[in-house]
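Input: a single structure, listed below in structure tokens.
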Amino acid sequence: MNVLVVLIPVSVGLGLAGLAAFVWTMRASQYDDPEGGGARILDDRFDDSPDGDRR
């Protein structure tokens, strides 16, 4: 039972560290892809139409 006194704060601390890292990456715009939309619009692999509707 004494192990839980150590493991619970450690797990909560690691969870908070992961959340803080995620929030930091969101604020630093790590997930933005400004050039990706321009490249995807020209590629047929990302077409929304089903395969049978292509001409």
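Every read-out reported here was derived from the displayed coordinates using simple, explicitly stated rules and does not represent laboratory data. All of these numbers come straight from a predicted model, not from anything done at the bench. For neighbour counting, all protein chains shown are included, and Cβ atoms are generated from backbone atoms with ideal geometry for every residue, glycine included.
Quick notes on this one:
- Label point distance in nm, residue 14-residue 45, each placed 7 Å from Cα along Cα→Cβ: 3.6 nm
- Spin-label pair residue 28/residue 3, simplified geometry with 7 Å Cα→Cβ offset, distance in nm: 3.5 nm
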